[in-house]
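Below: one structure, written as structure tokens.
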Amino acid sequence: MKTLLAVLLSLTSLPAIAGDACDAQLPSALKARVATAFPAFRTPAVTDNLPEDVEWDLKQKGKGCLGVAKADFDGNGTQDFLLGLTAKKGDRAIVLVALSRRGKWQFHQLDMWPEGRSRLYVSADKPGVYVRTEALDGPREHGEVSPLRCSHSVAVFGTTESTGVAYCYKKGKWPYVWVSD
């Protein structure tokens, strides 16, 4: 019996074992609501990202899931979620915040990625002041502010090893700033 178990485990790759690391972080009610509200997309899985990015996250003491971040993104004292939803067909993605509202979920779509889901990461960052990266020299985009001051957790997402944008929920809006390019 031990031999059979050892063989089965050896056939299983690390990303497949860790494949539940994203799913395990999400409440079933949130998963069901996402499936209904975004039928062309699904909640993230570890295997949505490149193995080298997952490995790097694990080495940094992460969970190996680059598609889920948990924090209080609206400052009301409840845990919210930042998700990198994956298209069921193609390489698209949606960056979505799910704010917890008395047992229900209020969705805020921050971005739509037409391609490149395998390099998308999401994360939560501490309250504070965020300034625009000096690497960008063009005019600010609509909704972009610098400095961005946030008194609660900040939603950050981008392309691994490349870009990052920080969003703060303020009075029903999501001002943002590019923090890396």
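The values are calculated or read from the model by the stated rules, or taken from the named source; none is laboratory data. All figures in this text were calculated on a predicted structure; none of them were measured in a lab. So basically every Cβ, Gly included, is an ideal-geometry build from the backbone, and we count neighbours across all protein chains shown.
Against the conditions (1) of a type in the set (K, R); (2) under 26 Å from C150 (Cβ atoms); (3) surrounded by fewer than 14 Cβ atoms within 10 Å (Cβ to Cβ), R119 satisfies every one except (3). Of all the numbered requirements in (1) free of Cβ contacts under 8 Å to residues at least 40 places away in the same chain; (2) in a strand (DSSP E or B), A98 misses one, and that requirement is (1).
Pairs are defined by a Cβ separation below 6 Å, a sequence spacing of at least 6 or placement on different chains, a first member in segment 102-122 that is more than 17 Å from L26 (Cβ to Cβ), and a second member that is surrounded by fewer than 17 Cβ atoms within 10 Å (Cβ to Cβ) and of a type in the set (D, E); the pairs so defined are E115/D91; R117/D91.
Of the residues making up segment 140-171, those that are aromatic (F, W, Y), closer than 18 Å to L66 by Cα and either at pLDDT below 95 or part of a loop (DSSP other than H, G, I, E, B) (or both) number 0. One residue stands out among those in segment 66-93 that are in contact with a helix residue (DSSP H, G or I) (Cβ under 9 Å, 6 or more places away or on another chain) and part of a strand (DSSP E or B): the one that is surrounded by the fewest Cβ atoms within 10 Å (Cβ to Cβ), which is A87.
Restrict the check to segment 104-115 and report whether at least one residue is assigned to a loop (DSSP other than H, G, I, E, B), in contact with a strand residue (DSSP E or B) (Cβ under 8 Å, 6 or more places away or on another chain) and either more than 17 Å from A166 (Cα to Cα) or polar (S, T, N, Q) (or both). For segment 104-115, residues assigned to a loop (DSSP other than H, G, I, E, B), in contact with a strand residue (DSSP E or B) (Cβ under 8 Å, 6 or more places away or on another chain) and either more than 17 Å from A166 (Cα to Cα) or polar (S, T, N, Q) (or both): absent.
Of the set (1) surrounded by 13 or more Cβ atoms within 10 Å (Cβ to Cβ); (2) within 17 Å of the chain's Cα centre (by Cα), all apply to S162 but (1). Determine, yes or no, whether K63 is touching a residue at least 40 places away in the same chain (Cβ under 8 Å), more than 20 Å from W178 (Cα to Cα), part of a loop (DSSP other than H, G, I, E, B) and under 17 Å from the mean Cα position of the chain (by Cα). Judged against the criteria, K63 is a match. D137 meets the conditions (1) in a loop (DSSP other than H, G, I, E, B); (2) touching a residue at least 24 places away in the same chain (Cβ under 8 Å) in every case but one. The failed one is (2).
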